[in-house]
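Here is the structure we will look at.
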2 protein chains.
Amino acid sequence: MKLPGKTVERLSEYRRTLMGCLGEKKNFIFSHDLAARLHITAVQVRRDLMLIGYSSVQRKGYDVKELIEKIGTVIDSDDSMNVAIIGIGNLGRAVAGYFKGKRSKLNLVASFDTDPQKINKVISGVKCYPHNDMEKIMKDLNIRIAIITVPPDYAKDIAEEAVRFGVKGILNFTTIPLNVPSWVFLEEYDMITSIEKVAFFVKENMI
Amino acid sequence: MKLPGKTVERLSEYRRTLMGCLGEKKNFIFSHDLAARLHITAVQVRRDLMLIGYSSVQRKGYDVKELIEKIGTVIDSDDSMNVAIIGIGNLGRAVAGYFKGKRSKLNLVASFDTDPQKINKVISGVKCYPHNDMEKIMKDLNIRIAIITVPPDYAKDIAEEAVRFGVKGILNFTTIPLNVPSWVFLEEYDMITSIEKVAFFVKENMI
DNA sequence: GTGGTATTGTTAATTAATTAACATTGGTGT
DNA sequence: ACACCAATGTTAATTAATTAACAATACCAC
Ligand SMILES: NC(=O)c1ccc[n+]([C@@H]2O[C@H](COP(=O)([O-])OP(=O)(O)OC[C@H]3O[C@@H](n4cnc5c(N)ncnc54)[C@H](O)[C@@H]3O)[C@@H](O)[C@H]2O)c1
Ligand SMILES: NC(=O)c1ccc[n+]([C@@H]2O[C@H](COP(=O)([O-])OP(=O)(O)OC[C@H]3O[C@@H](n4cnc5c(N)ncnc54)[C@H](O)[C@@H]3O)[C@@H](O)[C@H]2O)c1
């Protein structure tokens, strides 16, 4: 199914919000309620759901459980997809921590590092392999997604290796942008940008 | 100066890229070169720079040092702005680590936590204060920006406190969206969204 | 010097994303 | 039963963001 990236992002957010609803025993939710929780408009929610072809039980709002499943059929892969974190430092551990105990189609199956203190240990719930074994492990475990959290200087090489070893998607948290072949999906996020953006608008608001 | 958020983000990225150029003794750069490093188009670069009123020395490209300064006058505050991290766990430490040793208008001056193991220690280069002292410290140190990295359940309360204690901008890394008064600038980032987005496009590319 | 060229700044056009508008629907209260 | 209402799905309009187009400019080679 062809969807704008922005819509995919929101679908992911909808699902997480909906899971929260289940927790609070809320089994139906209106578009404007879901929208308010995410600081967006109800129209946007309805439009996104239209795109994935979901229809509600009229007048009762969306069936939370059903919608969670529907979103799953759209954004999740059919069978599970294996993920690795490269560089299990502070950021890497934070990301790993998120996966711990979660059941989803995304499985964090390995991390890689060069630090002898870390390799061959289980860190934040995932085994850390030596960087030297990346080729073997990535191929053996059929890793499709790499999350890169090594120091910036190593990022370029790591990304090239990951691609060479079969990775099809990269999430780069490093401060330097990467180049990958067109068949590899690359998403980059640099927190510094966010911090500076906040600072800018705080400054502007104060003037 | 009124600028679109997207442009502000890119300006921050331009500056970081330009600093990298200085490192490699590159004192002039063409729009298309800068663009290529960030996976965007040259037109976009030129357009952004037009918005901030920067002009190059024709035919030689942009003067790197000069442009860095120009961007600074636009996006930085005149005097420095104080920042705190709330919740100095894995993610909090990762963010703190970034500030360490950096000289900029943004000063990380405090972190807060509830964990007795952490409070009153210096962690990742910043002193950790007990959560109970937040009011006093935030007011004393004139903290304007809070980066929230506490466990999700606490995020709402923490944000309310931060606002009450004078914070004007919040960067929320928690999985749950926050609500803040209109005069507080809120930026939210949820890595799970990015991960799921990558997974989606990897799946689509494989079909 | 002059012609050719690469690069810029800027306006106009295009494309993407969001929002508004509204007919439709099924439940609710009387 | 029937009128009303609240909420949806969808098309159309609006707004935001990006890209294309191109005249202007300064350098370089000759
Ligand atoms: N780790 C990820 O990849 C990831 C992804 C998305 C969101 N997040 C979110 O980021 C946040 C932090 O993640 P983490 O991995 O660093 O968790 P963590 O448990 O390592 O750190 C949380 C820290 O907050 C402190 N804390 C708890 N209550 C507090 C309070 N009331 N005031 C001040 N400090 C308090 C804890 O003592 C701890 O040090 C969580 O909300 C998590 O959901 C993390
Ligand atoms: N901390 C932040 O807020 C922040 C912000 C923006 C970007 N980043 C980027 O995130 C990355 C990680 O940050 P961090 O704070 O977790 O750093 P960190 O130093 O804590 O972790 C880096 C880890 O990578 C490992 N490593 C080094 N070389 C490696 C290699 N060749 N192969 C595998 N592993 C290797 C190190 O042993 C270490 O465990 C850095 O690139 C940093 O610039 C961080």
Relative contact order for the range A:5-74 using alpha-carbon pairs under 8 Å, separation at least 6, rounded to a whole percent? 38 percent
Indicate, rounded to the nearest 5 percent, the antiparallel portion of the DSSP beta bridges found entirely in the range B:65-207. 10 percent
What is the dipole size for the protein assembly as shown, taken about its Cα centre, with +1 at each Lys and Arg Cβ and -1 at each Asp and Glu Cβ, in debye to the nearest 20? 320 debye
Would you calculate the separation in nanometres between label points at B:ASP79 and B:ASP115, each defined as 7 Å from the Cα along the Cα-to-beta-carbon direction? 3.5 nm
For chain B, averaging the sequence separation of alpha carbon pairs under 8 Å that lie six or more residues apart and dividing by its residue count, the contact order in percent is 13 percent
Label model pair B:SER104, B:SER55: point-to-point distance (7 angstrom along the Cα→beta-carbon line) in nm is 3.0 nm
Helix-derived mean residue ellipticity, 222 nm - over the protein assembly as shown, DSSP H n ≥ 4, -39500 (n - 2.57), to 500: -14000 deg cm²/dmol
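Rounding to the nearest 20 debye, state how big the charge dipole of the range A:81-192 is about its Cα centre with +1 on each Lys and Arg Cβ and -1 on each Asp and Glu Cβ. Please list the in-between numbers first.
Values: 14 positive and 12 negative charges, 136 e Å.
Charge dipole, the range A:81-192, about its Cα centre: 660 debye, nearest 20.
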Using only Cα atoms, find the angle between the long axis of helix A:90-99 and the longest principal axis of chain A, and express it within 0 to 90 degrees, rounded to the nearest 10. 50 degrees
Between helix B:152-164 and chain B: long-axis angle, C-alpha atoms, 0 to 90°, nearest 10: 80 degrees
In order through the range A:14-23: 3J(HN,Hα) via Karplus (6.51 cos²θ - 1.76 cosθ + 1.60), integer Hz, x for Gly, Pro: 4, 4, 5, 5, 5, 4, x, 4, 3, x
Roughly how many debye, to the nearest 20, is the charge dipole of chain B about its Cα centre, given +1 on each Lys and Arg Cβ, -1 on each Asp and Glu Cβ, and no other charges? 880 debye
Picking from B:VAL180, B:CYS128, B:THR114, whose Cα lies most toward the positive end of the charge dipole for the range B:78-180 (charges on Cβ: Lys, Arg +1; Asp, Glu -1)? B:CYS128
Evaluate the distance, in nm, between pseudo-label points positioned 7 Å from the Cα of B:LYS65 and of B:TYR154 along their respective Cα→Cβ axes. 4.6 nm
Taking chain A as a Gaussian network, Cα atoms linked when under 10 Å apart, which of A:GLY92, A:GLY61, A:GLY72 shows the biggest mean-square fluctuation? A:GLY61
What is the helix-to-structure angle for B:64-75, meaning the angle in degrees between its Cα long axis and the longest Cα principal axis of chain B, kept from 0 to 90 and rounded to the nearest 10? 50 degrees
In the structure shown, of A:LYS102/A:LYS127; A:LYS2/A:LYS197; A:LYS203/B:LYS70; A:LYS156/B:LYS100; B:LYS6/B:LYS60, the pairs separated by more than 20 angstrom at the C-alpha atoms are A:LYS2/A:LYS197; A:LYS156/B:LYS100; B:LYS6/B:LYS60
Convex hull volume per residue in cubic angstrom - Cα atoms of the protein assembly as shown: 157 Å³
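I need to check one value: relative contact order of the range B:81-192, counting alpha carbon pairs closer than 8 Å and at least 6 residues apart, in percent. It would help to have the intermediate numbers written out before the result.
Working: 211 pairs, mean separation 27.1, N = 112.
So the answer I get is 24 percent.
Every read-out reported here was derived from the displayed coordinates using simple, explicitly stated rules and does not represent laboratory data. If you're wondering where the values come from, they're calculated on a predicted model, not measured in any experiment. No Cβ is skipped: glycine too gets one built from the backbone with ideal geometry, and neighbour counts run over all protein chains shown.
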